[in-house]
Amino acid sequence: MTFFRHTAPALALVLAACGGQSQQQGGGAPGAGGQQAAPPPVSYVVVRQQAVPLSSELPGRLSPYESSDVRPQVNGLILERLFTEGDMVRQGQPLYRIDPAPYQASVASARAALVRAQAAIASNEALARRYAELVKINAISKQDYENALTTAAQARADVASQQAALRTAEIDLARTTIRAPISGRIGRSLSTTGALVSAAQSSALTTIQRLDPIYVDIQQSSADVLKLRQSIMAGQVAKDGNAKVALKLEDSTDYGPQGTLRFADVTVDQTTGSQIIRALFPNPNGLLLPGMFVRAHLIEGTQKNAMLVPQRAVSRDERGNPIVMVVGAQNKIEPRPIQTSRTAGDSWIVTGGVKPGDKVIVEGAMMLRPGMPVTPQPFDPNAKPAQGQAGAAPAQGK
């Protein structure tokens, strides 16, 4: 009992000393060696005002520069087809030959009627001259003389009428050879040799289309067109008077030659709420064909003093509104709701919420809370992002 009474205080001192030493070695310092950890790094871009070309990629459909349905203008049987389907034809080239026999007979009949009318006019004019001498000596009555003048005038009118009838017969005869009204590529023939055709028929014999150059009809929302026109009227957007258009084909390849905008339709489609914008493209090799669907990339104008924010820096709040994180005072994260109008490449055009000179965080702010201090550094698009770092969740495209 005496031994334990003297050793207990000493053992307590030893245990207290060991506990204090371990507490000093494994204490609650946040950093290794008792040093405070540095704020996490983030990458930012500086908001600046700049002129931005406004472009859109819209669906379009090709239509021929000129198109003509070939129809008969007289009745008859087709005796011969004079072209090869799918070939290029020139204006005035013969395409079909209709049986000309009935029209040759009509020409002969009209010519004979004209000769008869010309013979009658000679006789009536001679009689009128004789009556003119006789009426002077009162050998005939004035009524007989006036009747002779009237008959001569009618004979002259008959000649003019027969001349017109002959001309009509000759036109119908010429129309028995159906010619190409325009130059272009001709399609398949819908009537064969031996078919009976009529001048009143609704179906065409074939169709000719001029494909070089060729039109692209682009559909754009009337609301977007209205917004663009209002921006132009307000002086916010400068209109390019000779805007170029690029095409992407159905297989996602780019069509080499560029086109030019021609006009925008003056009416809005009631079913789709869109307007047709027409562009003209060269087509020397015939690669573009009517009816093909394409994607048209067109420059609508240039917006002055636009502010751009990368899409990867924009996220959405719980209501779906766009929001960005900026480096605020004392390098602390500050959320900013923004207003956007449209995209330009991989960036949003921002109309409110930020101002020139603001530092918008692009990478590193996903896991951080507003008000936390950060170490800002300029964003390098070519740098590989650090492990575990990411930017704000990208906003959905407009």
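The values are calculated or read from the model by the stated rules, or taken from the named source; none is laboratory data. Keep in mind that this is a model prediction, so the values were computed, not measured. Cβ atoms come from the backbone with ideal geometry, glycine included; neighbour counts cover every protein chain shown.
Residues that are of a type in the set (A, V, I, L, M, F, W, C) and at pLDDT below 90 within segment 316-332 comprise just one, A329.
So that you can scan it fast, the table gives a plain yes or no per residue for (1) surrounded by fewer than 13 Cβ atoms within 10 Å (Cβ to Cβ); (2) basic (K, R); (3) farther than 30 Å from L196 by Cα:
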position	(1), (2), (3)
A128	no, no, yes
K136	yes, yes, yes
A148	no, no, yes
I182	no, no, no
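Looking only at residues in segment 184-198 that are touching an Asp or Glu at 6+ places or on another chain (Cβ under 9 Å) and β-branched (V, I, T), which one is surrounded by the most Cβ atoms within 10 Å (Cβ to Cβ)? Taking the candidates together, the pick is I186. Of the residues making up segment 96-116, those that are crowded, with 16+ Cβ neighbours inside 10 Å, closer than 13 Å to L173 by Cα and of a type in the set (A, V, I, L, M) are I98, V107, A110. Yes or no: I171 under 60 Å from the mean Cα position of the chain (by Cα), surrounded by fewer than 17 Cβ atoms within 10 Å (Cβ to Cβ) and free of Cβ contacts under 8 Å to residues at least 40 places away in the same chain? It is true that I171 is under 60 Å from the mean Cα position of the chain (by Cα), surrounded by fewer than 17 Cβ atoms within 10 Å (Cβ to Cβ) and free of Cβ contacts under 8 Å to residues at least 40 places away in the same chain.
Within segment 302-325, the set of residues being hydrophobic (A, V, I, L, M, F, W, C) and surrounded by fewer than 20 Cβ atoms within 10 Å (Cβ to Cβ) comprises I323 only.
If I filter segment 129-145 for residues that are closer than 14 Å to Y96 by Cα and outside any helix (DSSP H, G or I), do I get at least one hit? Checked segment 129-145: no residue is closer than 14 Å to Y96 by Cα and outside any helix (DSSP H, G or I).
Quick check on G301: is it within 19 Å of V225 (Cβ to Cβ), under 16 Å from the mean Cα position of the chain (by Cα) and either at pLDDT 90 or above or not hydroxyl-bearing (S, T, Y) (or both)? Taking the combined requirement at face value, the residue satisfies it.
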